[in-house]
Structure formats: C-alpha cells, structure tokens
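Have a look at the structure below before the remarks.
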Amino acid sequence: MPIDMKTVISNTFVSMVKQKGIDKITVKALIEACDISRQTFYYHFQDIMEVIGWSLEQAAKNMLAKSLEADTPEEALGILISSAVENRTLIRRLLDSQKREQIEKLFVHAARTYLQELIRNKPHKVALDYADTEIALDFWAFGITGLLFKYTAQDRIDVENLANQICRLLPEKGE
C-alpha cells in the first residue's frame, strides 16, 4: 500500500505543534522530522498554513463521518465538542501563534463545512430557505468556533450540556 505522504506530513506537523507551538516550526524542521525532501513537501503543500488547513479539513471529515452516525443533533454536536476537548493542547498552541487570525479563519471554514455537510446529509428540524441557510451557516460556524476556543481554554467542559445548549438555539420548523 502506498504511503499517504500528506497524512505523514500532517501527523508529523501536529506532533511538532503539540511539543513546541507553530511559530517555531519551519518547513526545514518539518521535512527533517518527516525524513523527506523539500521537493516532496512542496509537491504536497505550498507552505505550513496549507498543512494546517488540510489537517483541519481532514479532522472535520472524520468528525462528520462520526456525527452522521449520531442519533440526534445534540450527539452530533457533542462529537465536535469532544474532539475539540481532546485536541485542546493543539488548538491552544495554534491560537497562541503569530498566525492566529489566519488560523481562526481556517477553523471557521472547517466548522462551516462540517455543519453544511451535516445539514445536507442528516435529516433535521431546521427550516430555512437557501439564503437564510447560508447566513445561518456563517453565524453558527463563527459562534461554535468562538465557543470552542473559549471552552478549550478551560479545565472542564460539560460536553453534553454545551451541545444541548447550542442545539436549543437552533430554530425548528414552524418557528
């Protein structure tokens, strides 16, 4: 089976971020840790920010697959929140970087994509037309991302309660 080099680079990068934060990671350090050539890195990614974006997209896809198996929206959202809690060190290190603004945008984009796919693939009670759905997705993505940033800085999070609270804010059909 061929090696998925993008995953190797991404996993190595994530491991490095957990140890020392993003600002100290260079392409040179990453390719040395991966034991690959500079050419191999640039074949797969343009720069470190693209590694972060791709890694977030993969994490969102994995959470989406798990969330689609959930029985309720609260359970699906709980999967997202639990993942953020499990990766709180990584999230805090990414946010503590000089590239925080870019990283926040990547998180919001990943959250929006996650929510959009969840709505597309899972029956739901939310009744919105297309234009309202687009605005709602932006609103929810920014809101949920902001909450995750806030709560991953805390020692304890009641995942189930937070998921229930967020879901109570969603409009249901007939409202």
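The values are calculated or read from the model by the stated rules, or taken from the named source; none is laboratory data. Treat the numbers as computed from the prediction; the structure is a model and nothing was measured. Heads up, the Cβs are rebuilt from the backbone with ideal geometry, glycines too, and the neighbour counts pull from every protein chain shown. Only protein heavy atoms, including side chains, enter the accessible area calculation; ligands, DNA and RNA are left aside. Shrake-Rupley method; radii C 1.70, N 1.55, O 1.52, S 1.80 Å.
Computed values, structure above
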item: Some residue of segment 59-67 being touching an Asp or Glu at 6+ places or on another chain (Cβ under 9 Å), free of Cβ contacts under 8 Å to residues at least 40 places away in the same chain and under 23 Å from Met16 (Cα atoms); result: yes
item: Filtered residues of segment 1-19 (kept if of a type outside the set (S, T, N, Q) and without any contact (Cβ under 8 Å) to a residue 24 or more places away in the chain); result: Met1, Pro2, Ile3, Asp4, Met16
item: Scope segment 6-22; condition open to solvent by 30 Å² or more (accessible area, probe 1.4 Å) and small (Gly, Ala, Ser); matching residues; result: Ser15
item: Lys28 being closer than 24 Å to Thr89 by Cα and either surrounded by 12 or more Cβ atoms within 10 Å (Cβ to Cβ) or touching a residue at least 60 places away in the same chain (Cβ under 8 Å) (or both); result: no
item: Unique residue being surrounded by fewer than 16 Cβ atoms within 10 Å (Cβ to Cβ), over 30 Å from Ile25 (Cβ atoms), modelled with pLDDT under 90 and of a type in the set (A, V, I, L, M) when the list is Ala127, Ala136; result: Ala127
